[in-house]
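Structure, as structure tokens:
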Protein chains: 2
Amino acid sequence: MAASKRIPVMEIFGPTVQGEGMVIGRKTMFVRTAGCDYSCSWCDSAFTWDGSGKDDIRMLTASEIVEQLKETGGAGFDHVTLSGGNPALLPQLGELIGLLHEEGMQVALETQGSRWQDWFPAVDELTLSPKPPSSGMKTDWSVLGDIIDRLRERAADFSLKVVVFDDADLAYAASVHSRYPDVPFYLQAGNGRLQETEPARMLPYLLERYEWLIDKAMRSEELKRVRVLPQLHTWVWGNKKGV
Amino acid sequence: MAASKRIPVMEIFGPTVQGEGMVIGRKTMFVRTAGCDYSCSWCDSAFTWDGSGKDDIRMLTASEIVEQLKETGGAGFDHVTLSGGNPALLPQLGELIGLLHEEGMQVALETQGSRWQDWFPAVDELTLSPKPPSSGMKTDWSVLGDIIDRLRERAADFSLKVVVFDDADLAYAASVHSRYPDVPFYLQAGNGRLQETEPARMLPYLLERYEWLIDKAMRSEELKRVRVLPQLHTWVWGNKKGV
């Protein structure tokens with residue numbers, strides 16, 4: 001029975017604050033799934049797909065995940081973020097989302113928009129984050145466009161988010177925004193220092209990158225209806241995992 | 001004719017990013033009005049009400065404000081934030097909001113929730129920010145409750161935001177949230193260093209205050225459906241005005 005297929009889980013942690021995009025600041029628990037169809041050059045969770053984390057993968061049922069969320073997070077949360085890797089590779093996540101809703105939880109999910117799943121409209125806050133040139137990935141515009149059409153039809157609450165490292169990424173972001181001007185749009189300053197272990201050394205760098213992005217976005221006439229955000233958790237915790 | 005009464009304006013600036021609450025990161029222009037019915041001990045815009053900025057007040061018509069927004073902000077914005085002081089003291093703001101909408105702009109506004117105005121439901125993103133004990137102000141719960149009832153009736157897009165400096169403020173925030181659990185709720189770390197002129201010296205302090213607030217909110221079972229945010233512009237620009 002497909003509905004109870006196990007889910008490859010790398011990490012369950014929280015409660016913590018969401019650091020990104022449309023759910024920035026939200027008190028949430030994280031479930032990070034393993035596996036990705038992309039291999040972005042600057043991926044901050046490459047352990048989910050490059051083999052380095054394969055011993056940490058646990059194959060859990062949806063109800064085991066809910067149990068572990070409660071065990072880890074206690075009674076003080078009502079929001080769960082599903083992240084990856086690319087959680088949109090997993091048709092069986094629909095069951096988990098249903099169980100979480102039964103528990104009164106809200107569910108946010110982030111994916112690059114390379115695959116559709118029928119459970120997308122059930123996600124309370126869905127972020128589509130197509131990857132800019134610096135990632136080394138190519139966007140399949142017809143797949144992304146099809147996903148956006150279907151989400152619009154179902155009146156789902158979703159947004160687009162593009163991580164920006166340089167001018168080519170910014171031009172890519174502007175083209176995404178101009179294709180889908182009605183979709184809430186987030187620009188996020190990229191983190192190019194994934195090896196830095198000292199949060200205090202990260203902050204001046206992240207601040208400089210965020211200011212650079214603000215400056216570019218403020219000068220642009222194409223980028224009007226946008227939000228420009230940092231990756232907030234890296235400002236607080238640097239590259240530390242599990243927070 | 002009341003509709004064309006002039007508006008006391010202290011500052012018009014931007015485009016810049018919104019630093020707070022439900023509109024965090026949004027590319028926006030700011031219009032800051034003069035005058036407030038409160039005098040919060042830690043107000044970061046006391047010049048709007050303590051007399052120190054009275055020579056900067058200009059009495060402008062709604063269309064003069066729109067003109068000046070265009071002159072200052074150019075063609076790259078479609079969002080305006082009305083702030084104060086307390087802009088809710090000004091019945092004549094309704095005309096400005098109408099003009100901005102005619103220009104295709106979205107309008108955000110922040111007020112403490114001490115006065116109702118009939119134009120509240122026309123605001124695209126309305127933040128009610130009742131003031132906690134550290135401010136020295138007292139909340140009139142019946143006025144705040146009446147405002148929230150009316151906004152709910154009109155299905156307005158609004159949120160509550162409480163600035164938190166200490167444990168008493170946090171208890172106040174929890175009580176606001178428990179009164180109106182269905183209203184999107186934001187906790188914001190307070191800035192107690194309004195005299196610091198060097199942004200680099202602000203950062204460690206702001207980070208410490210934000211981490212403190214995150215830690216408290218994560219441990220709380222009352223504070224579940226919350227967002228915990230810094231005052232983002234102070235991280236970038238410190239206490240500098242007009243950015």
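The values are calculated or read from the model by the stated rules, or taken from the named source; none is laboratory data. What you are looking at is a predicted structure, and each value in this text was computed from that prediction instead of being measured. Reconstructed Cβ throughout: ideal geometry from the backbone, glycine too, with neighbour counts over all protein chains shown. Quick note on the areas: whole protein, heavy atoms, side chains included, nothing else; ligands and nucleic acids left out. Shrake-Rupley method; radii C 1.70, N 1.55, O 1.52, S 1.80 Å.
Legend: distances between Cα atoms for A:K5/A:K138; A:K27/A:K240; A:K5/A:K240; A:K138/B:K224; A:K224/B:K224; B:K5/B:K70; pairs beyond 28 Å are A:K5/A:K138; A:K5/A:K240; A:K138/B:K224; A:K224/B:K224. Angle of helix B:199-219 to the longest C-alpha principal axis of chain B, folded into 0 to 90 degrees and rounded to 10: 60°.
Surface composition of chain A: carbon plus sulfur atoms contribute 48% of the solvent-accessible area (1.4 Å probe, protein chains only, all chains present). A Förster radius of 51 Å, combined with the Cβ-Cβ distance separating B:E198 from B:A155, puts the computed FRET efficiency at roughly 0.70. Between this copy and the others, label points of A:N239 are 3.6 nm apart in ascending order, each placed 7 angstrom from Cα in the Cβ direction.
Relative to the Cα centre, the charge distribution of chain B, modelled as +1 at Lys and Arg Cβ and -1 at Asp and Glu Cβ, gives a dipole magnitude of about 200 debye.
Take the Kirkwood radius over Cα pairs of segment B:43-127, plug it into Stokes-Einstein at 37 °C and 0.692 mPa s, and you get 239 µm²/s for translational diffusion. Placing a label point 7 Å from Cα along the Cα-to-Cβ axis, A:R154 is separated from the same position in the other copies by 3.4 nm, shortest listed first. Extension gain for B:M59 to B:S175 (0.36 nm times residue separation, less C-alpha to C-alpha distance): 37.9 nm. The angle between the Cα long axis of helix B:62-73 and the main principal axis of chain B comes to about 70°, on a 0 to 90 degree scale.
At the residue level, A:T61 shows approximately 30 square angstrom of accessible surface with a 1.4 angstrom probe and all protein chains present. Comment: the Cα-to-Cβ extended label point of A:A171, at 7 Å, lies 5.9 nm from its counterparts in the other copies, nearest first. For segment B:18-59, the pair-distance distribution built from all alpha carbon pairs, in bins 5 Å wide starting at 0, is 5, 20, 21, 19, 20, 13, 1 percent. With R₀ fixed at 30 Å, the C-beta to C-beta distance from B:E71 to A:E211 puts the FRET efficiency at about 0.75. The A and B chains share an interface that buries close to 3200 Å² of accessible area, total over both sides, probe 1.4 Å.
Directionally averaged projected area (the protein assembly as shown, Cα convex hull): 22.2 nm². Sorted into 5 angstrom bins from 0, the C-alpha pair distances of segment B:88-223 split as 2, 9, 17, 19, 16, 15, 11, 8, 2, 0 percent.
Put a plus charge on the Cβ of each Lys and Arg, a minus charge on the Cβ of each Asp and Glu, and nothing anywhere else: the dipole of the protein assembly as shown about its Cα centre is then about 280 debye. Taking Cβ separations below 4.7 Å as the criterion for a possible disulfide partner, the isolated cysteines in the protein assembly as shown are A:C36, B:C36. Accessible surface computed residue by residue for segment A:11-168, with neighbouring protein chains in place and a 1.4 Å probe, gives 37 Å² per residue. Each of B:L99, B:L151, A:P133 was placed along the dipole of the protein assembly as shown (beta-carbon charges, centred on the mean Cα), and the one lying farthest toward the positive end is A:P133.
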